[in-house]
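S.K.: Let me begin by handing over the structure; questions about it come next.
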Amino acid sequence: MLTIGPLTSTDRDAWQRLFVGYNEFYGRTMPDEFFDQAWTRFQQDVEVHALGARLEGQLVGITHFLTHASTTAPDSCYLQDLFTAPEARGQGAARALIAAVTDWAREQGCGRVYWATHESNTTARRLYDQVAENRGFILYTIPL
């Protein structure tokens, strides 16, 4: 059975394994302090938020998200990170996490949920094309 809910203190190690996997997918390695800071922020549940997907009680997926003001619409919800364990893919965890963030954002009065992914992430994009609209925007970044 698949369930979606907040991360609890007992999820820390499983969450970090998943978040390491997410970062490795994008070619990043992070110091332990980075994970400590992120976990603390998720537990505070004020500026950034996190949900987990569990299959048979095991944490197999995570999402991190936040809201921000918009100049042209109600606040927006940015789904910043989404990752499911490779062995759990195709079982609905990512779809359920997106739906849960969408429900949360709707309850907060947001006007949209949006996210970015790499163009080569074809597996995830198959799902994203089913649950969201690609409006063709290109993301530019200035690293600081």
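Here, each number is a calculation from the coordinates, and none is a lab measurement. Everything numeric in this text was worked out from a predicted model, so none of it was measured. Cβ atoms come from the backbone with ideal geometry, glycine included; neighbour counts cover every protein chain shown.
S.K.: Do the conditions hold for D81, that is, is it charged (D, E, K, R) and either part of a loop (DSSP other than H, G, I, E, B) or under 14 Å from the mean Cα position of the chain (by Cα) (or both)? Break it down stepwise before answering.
M.R.: On the way: charged (D, E, K, R): yes; either part of a loop (DSSP other than H, G, I, E, B) or under 14 Å from the mean Cα position of the chain (by Cα) (or both): yes.
So D81 passes the test.
S.K.: Name every residue in the range 43-60 that is more than 18 Å from P6 (Cβ to Cβ) and either basic (K, R) or touching a helix residue (DSSP H, G or I) at 6+ places or on another chain (Cβ under 9 Å) (or both), in order of residue number.
M.R.: Within the range 43-60, no residue meets the criteria.
S.K.: If you don't mind, there's one more thing I want to ask. Under 22 Å from T8 (Cα atoms) and surrounded by fewer than 19 Cβ atoms within 10 Å (Cβ to Cβ) - does that describe any residue in the range 106-122?
M.R.: Yes, the range 106-122 contains a residue that is under 22 Å from T8 (Cα atoms) and surrounded by fewer than 19 Cβ atoms within 10 Å (Cβ to Cβ).
S.K.: Additional query: Any idea which residue in the range 70-105 is farthest from G52 (Cα to Cα), counting only those that are among the acidic types (D, E) and surrounded by 13 or more Cβ atoms within 10 Å (Cβ to Cβ)?
M.R.: D75
S.K.: Which of the following residues is under 16 Å from L2 (Cβ atoms) and not in a loop (DSSP other than H, G, I, E, B): T40, T63, T123, T67?
M.R.: After applying the criteria, what remains is T63.
S.K.: Could you check, for the range 43-50, whether at least one of its residues is part of a loop (DSSP other than H, G, I, E, B), touching a residue at least 24 places away in the same chain (Cβ under 8 Å), out of contact with any His (no Cβ under 6 Å at 6 or more places or on another chain) and loosely packed, with under 10 Cβ neighbours inside 10 Å?
M.R.: no
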